Amino acid sequence: MPTLEVSKKDLEKLTKKKFSMNALEDVLEYVKGEVDGVDGDTLKVECKETNRPDLWSTEGIARELRAKLGSQKGIVNYKVEKSDVEIIVDKNLSKIRPAIAGAVVRGINIDENLLLQMIQIQEKVCETFGRKRREAAMGIYDFDIMKPPIHYKGFRDKEIEFIPLEWKVAMRPSEILIQHDKGKKFAHLLKDTKVYPILIDSNDLVASMPPIINSNDTGKVTEETKNLFVEVTGFDQDTVEVALEVILMALADRGGKIYSCKIKFPKECKMKSIVTPKFDTKKISFDKEQIFTKTGLKLKDSQIKDLLEKARYKVKIKGNKIDLEYSAYRKDIFHAVDVIEDLLISYGYNNIVPQKIEMDVKGSQQKEILLQDFVREGCIGLGLQEVQTFNLTSYEIQ
């Protein structure tokens with residue numbers, strides 16, 4: 001579970017609301033967060049929501065609290081301006097690390113809080129959601145010193161060298177994997193490769209060697225930086241696009257303007273050229289009766305609509321049917337039960353009034369279970385081993 005460092009003043013600034021410590025501990029329950037330590041203005045918040053990378057930053061927590069507290073409900077519509085920036089993927093990466101998504105963020109005012117959060121969200125998303133950089137590795141660069149189009153291609157060891165971040169001399173990729181701290185930590189991700197993935201601009205300025213390390217030329221982002229280039233690489237295009245949107249939302253919440261990138265894939269990657277970010281939405285529908293049967297709450301349509309809008313859904317209720325639209329980065333939504341959980345979080349678990357048990361019954365095992373236990377013990381006595389697998393289940397049941 002990610003543990004985040006959050007500035008209380010910064011969180012209050014982003015939510016436009018002051019909190020006492022007791023009140024803050026209460027509202028953090030909306031994001032399954034718990035204060036694990038306090039050092040002056042800095043809070044250590046343990047986020048127990050492991051399926052929501054959009055919450056793993058001060059910006060993400062503030063975004064969710066604005067909805068839960070009623071100041072900004074429904075889907076957040078992030079505006080994406082068109083740009084002529086292209087990322088050209090080379091065919092020699094089709095079997096190495098082919099998926100990539102990118103964007104440009106302009107007009108960002110970077111202060112100490114934003115710098116810390118950029119580093120934190122990059123680390124948390126790549127380590128947890130990105131499976132320790134295997135499925136998603138992120139790079140953030142000073143775009144003003146880069147010349148598009150950006151090329152993403154593979155180089156053999158003797159064909160390229162660059163100065164890695166926080167280093168002083170140029171190194172070949174194999175040397176970085178042996179000598180640099182990040183190289184040694186993540187060398188297994190490029191094990192046995194003969195071609196190293198490199199992100200490089202049209203002036204042959206190396207930006208990074210994904211998923212290992214940024215270059216020292218473009219990878220230093222400071223408070224003087226105004227325009228950023230952001231990219232995410234991996235194996236699954238959908239995964240890298242989610243990771244990209246998570247960081248872009250945080251930067252946009254800080255006042256940055258998002259500009260798109262066109263990703264041009266070679267035919268060997270078997271992917272069509274696309275424009276990122278997409279900020280797509282998905283839809284789900286279910287019967288309103290499921291809310292009552294699963295929660296016991298008798299809610300009016302207006303209450304259901306309000307609670308789901310506080311969970312960032314676009315809601316339409318017609319008769320017994322609820323039609324919802326939600327942001328596609330919510331990869332944790334598979335079933336109506338996931339939506340109802342969000343409704344309950346908005347309602348507040350502490351606000352649910354327990355009911356007295358009306359039935360007084362004596363429990364006992366069913367005859368079928370007793371027979372199964374008898375047969376099981378007999379099989380064990382015969383030296384058989386019991387194995388439970390998922391072979392006899394299905395995707396629908398799960």
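Take every DSSP beta bridge whose two residues both sit in the chain, then give the antiparallel share in percent to the nearest 5.
Values: 55 of 63 bridges.
Here the antiparallel bridges make up roughly 85 percent for the chain.
Whats the longest run of the chain with zero GluC sites (Glu not before Pro) that are DSSP loop and have at most 12 other Cβ atoms within 10 Å? Before the final figure, lay out each step's value.
On the way: sites that count: GLU223, GLU224, GLU358, GLU386, GLU396.
No qualifying site falls inside 1-222, the longest such stretch.
What whole-number value in Å² describes the accessible area per residue of the chain for a 1.4 Å probe? Please report the intermediate quantities before stating the final value.
Details: 22350 Å² over 398 residues.
Result: 56 Å² per residue.
Taking the simple approach of a point 7 Å from Cα along Cα-to-Cβ for both LYS185 and THR50, what is their distance in nm?
About 2.1 nm, to one decimal.
To the nearest 0.05, how large is the calculated FRET efficiency for GLU341 and LYS158 if R₀ is 45 Å and r is the Cβ-Cβ distance? Don't skip to the end; give the middle numbers.
Working: r = 54 Å, r/R0 = 1.20.
Rounded to the nearest 0.05, the efficiency is 0.25.
Would you mind calculating the relative contact order of the chain from Cα pairs under 8 angstrom and at least 6 residues apart, reporting the percent as a whole number? Let's see the in-between values first.
Numbers: 688 pairs, mean separation 79.5, N = 398.
Relative contact order, the chain: 20 percent.
So which of LYS91/LYS282; LYS13/LYS283; LYS288/LYS356; LYS124/LYS226; LYS226/LYS270 end up more than 29 Å apart by C-alpha?
Numbers: LYS91/LYS282 32 Å; LYS13/LYS283 32 Å; LYS288/LYS356 25 Å; LYS124/LYS226 24 Å; LYS226/LYS270 36 Å.
Among LYS91/LYS282; LYS13/LYS283; LYS288/LYS356; LYS124/LYS226; LYS226/LYS270, the Cα-Cα distance tops 29 Å for LYS91/LYS282; LYS13/LYS283; LYS226/LYS270.
With every protein chain in place, what's the accessible area of THR293 (1.4 Å probe, Å², nearest 10)?
Number for this one is 90 Å².
Which loop trypsin sites (Lys or Arg not before Pro) in region 139-219, with loop taken from DSSP, have no more than 11 other Cβ atoms within 10 angstrom of their Cβ? Before the final figure, lay out the partial values.
Values: sites: LYS153, ARG156, LYS158, LYS168, LYS182, LYS184, LYS185, LYS191, LYS194; in loops: ARG156, LYS168, LYS191, LYS194.
Those satisfying the criteria are LYS168, LYS191, LYS194.
DSSP loop (so not H, G, I, E, B), at most 12 other Cβ within 10 Å: list which trypsin sites (Lys or Arg not before Pro) in region 2-41 pass both filters. Intermediate values should be presented prior to the final figure.
Numbers: sites: LYS8, LYS9, LYS13, LYS16, LYS17, LYS18, LYS32; in loops: LYS16, LYS17, LYS18, LYS32.
Loop-located and lightly packed - LYS16, LYS18.
Cα-Cα over 29 Å: which of LYS153/LYS220; LYS44/LYS168; LYS184/LYS262; LYS32/LYS294? If you can, show how the numbers build up before the last one.
Working: LYS153/LYS220 22 Å; LYS44/LYS168 34 Å; LYS184/LYS262 33 Å; LYS32/LYS294 20 Å.
The answer is LYS44/LYS168; LYS184/LYS262.
The values are calculated or read from the model by the stated rules, or taken from the named source; none is laboratory data. Predicted model, so just to flag it, every value in this text is computed and none were measured. Using ideal geometry, Cβ is built from the backbone for each residue, glycine included, and neighbour counts are taken over all protein chains shown. Each accessible area value is taken on the protein alone, full model and side chains, heavy atoms only, with ligands, DNA and RNA left out. Shrake-Rupley method; radii C 1.70, N 1.55, O 1.52, S 1.80 Å.
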